[in-house]
Amino acid sequence: MDVAVKNYNYTHTFIGAHRDGTRSIIGDYFDQAGCRSVMLEVANLCCVRGDHRLFAGLGFSLAAGELMQVHGPNGSGKTSLLRTLCGLMAPEAGEIRWRGTDIRKLGESYYAELAYLGHHNAIKDELNALENLRINAGLAGNVVEDKAALTVLRRMGLRGKELLPVKVLSQGQRRRVALARLLVSNAPLWILDEPLAALDVGAVGMMQELIGEHVSNQGMVIFTTHQPLQVPGVPTRDLMLS
Amino acid sequence: MNALSLPELLVLVVRRDLVLAMRRRADVLTTLVFFVMVVSLFPLGVGKGELTLLHRIAPGVVWVAALLASMLSLGRMFSADYLDGTLEQILLAPQSLSVLVLGKIVAHWMVSGLPLVLMAPVLGLQFGLPADQLGVLMLALLLGTPVLSMIGAVGAALTLGLRGGGVLVSLLVLPLCIPVLVFGSGAVAQVAGGVTYAAHLELLCALLVAAAVSTPWVTAQALRISME
């Protein structure tokens with residue numbers, strides 16, 4: 001399948017498909033503001049699920065303070081791409097480099113700089129929102145005090161629900177509990193798979209705000225969504241899988 | 001925000017799994033009730049008249065039941081975390097995955113192995129085992145059941161997400177548990193025969209140490225493969 005990446009918001013269009021197996025680092029460019037510090041580089045990435053090749057020759061780079069949306073119809077490999085970028089799946093071919101080093105070699109020190117939110121919320125029905133948040137932060141290597149965790153949950157619109165078992169919450173509220181994890185993480189790279197699933201309009205607005213804040217603090221976000229997500233003041237780069 | 005040290009991380013994982021087990025008590029009880037039932041069926045089936053026979057087979061029966069009971073709970077070791085996405089987060093944790101896995105194994109043993117150890121002397125009484133044999137039985141179970149959880153973790157990780165994984169994990173793990181069974185029940189039989197049982201317990205200790213060193217790492221690798 002062909003892969004084309006378009007960069008709508010910059011003056012340069014710089015990414016294309018590479019199927020000839022040549023090494024291809026794309027996107028080392030300078031924007032109008034000056035030097036672009038590339039953090040994540042993907043070169044000639046090929047992903048295979050079963051016998052089916054999802055994409056090949058995919059290359060792009062992401063610099064601090066950039067936001068990228070992965071587009072594509074169902075089954076085009078968006079989730080596989082995100083899981084591959086996290087290191088959960090091994091790519092069939094190609095390289096993913098973080099700060100210039102292959103993520104396979106970096107291992108845990110890459111994970112320390114990565115926050116991933118998948119289709120599943122990774123929260124436990126039996127625990128309440130506060131316990132879930134503290135444990136998830138702990139697994140990600142952060143100690144979060146109760147007070148800080150409560151503040152974050154209230155910001156996520158869960159005031160009054162902090163101590164309820166998560167199983168009594170609605171799907172949207174559960175998603176908010178899962179998203180709260182991002183706020184207690186200090187990872188620069190967020191990889192979000194359908195972060196807006198089940199969220200209401202207010203929560204979508206809040207997510208836009210959160211992503212905007214993260215990006216303006218030199219963070220990076222790669223996400224997929226089927227809903228429009230516009231972060232004011234931050235140009236979104238688009239990656240098309242077809 | 002402070003980073004967690006490895007012992008703190010271990011405590012976090014163990015405590016999390018224990019809290020979850022306490023809030024899902026039915027799962028814990030089924031293992032224990034299964035163990036009690038299987039062991040109790042033997043005196044009923046063989047008949048109280050055959051006390052010497054019961055006496056002889058008691059260590060083997062208790063050990064086989066413990067082995068089967070531990071197989072029952074293996075499926076749950078990673079499956080809940082796998083289904084709700086927590087396992088992905090665990091794999092992406094910036095700390096050593098082996099330590100996280102060790103925490104899960106320890107919690108699994110405390111929930112499904114330790115109750116068997118504590119229940120064993122009561123069940124041993126049904127077989128008319130004297131106090132010295134009950135003591136050695138408990139000690140052998142205390143050393144052996146963690147090995148069952150550790151070997152089981154490898155099997156559970158390898159069969160994660162497979163259909164019919166429950167049966168497959170038993171087929172994978174049971175043969176590997178045979179040494180634990182042999183030395184565990186052998187220790188009690190040695191006491192009954194009036195011979196020293198130290199060698200059997202030492203071998204169980206050796207198995208425990210070998211498993212503790214190797215299985216968390218092997219399980220971690222198996223989980224990474226299963227999650228691809």
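The values are calculated or read from the model by the stated rules, or taken from the named source; none is laboratory data. All of these numbers come straight from a predicted model, not from anything done at the bench. Cβ coordinates were reconstructed from backbone atoms using ideal geometry, including for glycine residues, and neighbour counts include every protein chain displayed.
Would you check which residues across the range B:94-120 are within 14 Å of chain A (Cβ to nearest Cβ) and without any contact (Cβ under 8 Å) to a residue 40 or more places away in the chain and list them? Result: B:94, single match.
Out of B:65, B:93, B:58, I need the residue that is assigned to a helix (DSSP H, G or I) and surrounded by fewer than 23 Cβ atoms within 10 Å (Cβ to Cβ). Which one?
On the way: B:93 fails: assigned to a helix (DSSP H, G or I); B:58 fails: surrounded by fewer than 23 Cβ atoms within 10 Å (Cβ to Cβ).
Testing whether each residue is assigned to a helix (DSSP H, G or I) and surrounded by fewer than 23 Cβ atoms within 10 Å (Cβ to Cβ) leaves just B:65.
Would you please name the residue that is surrounded by the most Cβ atoms within 10 Å (Cβ to Cβ), looking only at residues in the range B:148-170 that are closer than 12 Å to residue B:219 by Cβ and among the hydrophobic types (A, V, I, L, M, F, W, C)? My answer is B:156.
Would you confirm, using the coordinates I've provided, whether residue A:102 is on the phi < 0 side of the Ramachandran plot, modelled with pLDDT under 90 and assigned by TED's automatic domain parsing to the domain that holds residue A:216? No, not satisfied. Within the range A:183-201, is even one residue part of a helix (DSSP H, G or I), in the same structural domain as residue A:80 (by TED's automatic domain parsing), more than 27 Å from residue B:8 (Cα to Cα) and not acidic (Asp, Glu)? Yes - at least one qualifying residue is present in the range A:183-201.
In this structure, is residue B:166 modelled with pLDDT under 90 and assigned to a loop (DSSP other than H, G, I, E, B)?
Numbers: modelled with pLDDT under 90: yes; assigned to a loop (DSSP other than H, G, I, E, B): no.
Answer is no for this residue.
Determine if the range B:134-142 includes at least one residue that is under 30 Å from residue B:51 (Cα atoms) and more than 18 Å from the chain's Cα centre (by Cα). Yes, the range B:134-142 contains at least one residue that is under 30 Å from residue B:51 (Cα atoms) and more than 18 Å from the chain's Cα centre (by Cα).
Quick check on residue B:192: is it over 17 Å from residue B:63 (Cα atoms), surrounded by fewer than 21 Cβ atoms within 10 Å (Cβ to Cβ) and small (Gly, Ala, Ser)? Considered against the rule, which asks whether it is over 17 Å from residue B:63 (Cα atoms), surrounded by fewer than 21 Cβ atoms within 10 Å (Cβ to Cβ) and small (Gly, Ala, Ser), residue B:192 comes out as no.
Considering the range A:81-93, and only residues there that are away from chain B (no Cβ under 11 Å) and surrounded by fewer than 21 Cβ atoms within 10 Å (Cβ to Cβ), the residue that is farthest from residue A:42 (Cα to Cα) turns out to be A:92. Residue A:89 fulfils the conditions (1) touching a helix residue (DSSP H, G or I) at 6+ places or on another chain (Cβ under 6 Å); (2) touching a residue at least 12 places away in the same chain (Cβ under 8 Å); (3) not assigned by TED's automatic domain parsing to the domain that holds residue A:217 except for a single criterion, (3). Only a single item in (1) crowded, with 24+ Cβ neighbours inside 10 Å; (2) within 23 Å of residue B:178 (Cβ to Cβ); (3) at pLDDT 95 or above is not met by residue B:142, and it is number (1). Applying the criterion of being outside any loop (DSSP other than H, G, I, E, B) and in contact with a helix residue (DSSP H, G or I) (Cβ under 9 Å, 6 or more places away or on another chain) to the residues of the range A:212-222, the residue that is nearest to residue A:155 (Cα to Cα) is A:214. Quick one: would you say residue A:126 is within 12 Å of chain B (Cβ to nearest Cβ), modelled with pLDDT under 90 and either farther than 21 Å from residue A:229 by Cβ or under 19 Å from the mean Cα position of the chain (by Cα) (or both)? Here the answer is no, as residue A:126 does not meet what is asked. When residues in the range B:14-28 are screened for being of a type in the set (D, E, K, R), assigned to a helix (DSSP H, G or I) and over 20 Å from residue B:102 (Cβ atoms), 3 of them pass.
Examine the range B:29-44 for a residue that is more than 11 Å from every other protein chain (Cβ to nearest Cβ), assigned to a helix (DSSP H, G or I) and of a type in the set (Gly, Ala, Ser), and state whether such a residue exists. Yes, the conditions are met somewhere in the range B:29-44. Pairing each residue of the range A:154-171 that is more than 14 Å from residue B:23 (Cβ to Cβ) and outside the structural domain of residue A:210 (by TED's automatic domain parsing) with any residue that is part of a loop (DSSP other than H, G, I, E, B) and basic (Lys, Arg), provided the two are 6+ apart or on different chains, yields C-beta distances under 9 Å for A:169/A:161.
Tell me, which residue of the range B:71-93 that is more than 14 Å from chain A (Cβ to nearest Cβ) and in contact with a His (Cβ under 9 Å, 6 or more places away or on another chain) is farthest from residue B:188 (Cα to Cα)?
Going through the range B:71-93, the residues more than 14 Å from chain A (Cβ to nearest Cβ) turn out to be B:71-75, B:77.
Now drop any that are not in contact with a His (Cβ under 9 Å, 6 or more places away or on another chain), which leaves B:73-74, B:77.
Values: B:73: 25, B:74: 26, B:77: 30 Å.
Selected residue: B:77.
Report yes if some residue within the range B:51-62 is polar (S, T, N, Q), away from chain A (no Cβ under 11 Å) and touching a residue at least 12 places away in the same chain (Cβ under 8 Å); otherwise report no. Taking every residue of the range B:51-62 in turn, none turns out to be polar (S, T, N, Q), away from chain A (no Cβ under 11 Å) and touching a residue at least 12 places away in the same chain (Cβ under 8 Å). Scanning the range A:109-136 for residues that are closer than 27 Å to residue A:40 by Cβ, small (Gly, Ala, Ser) and either surrounded by fewer than 23 Cβ atoms within 10 Å (Cβ to Cβ) or touching an Asp or Glu at 6+ places or on another chain (Cβ under 8 Å) (or both) yields A:109, A:112, A:118, A:122.
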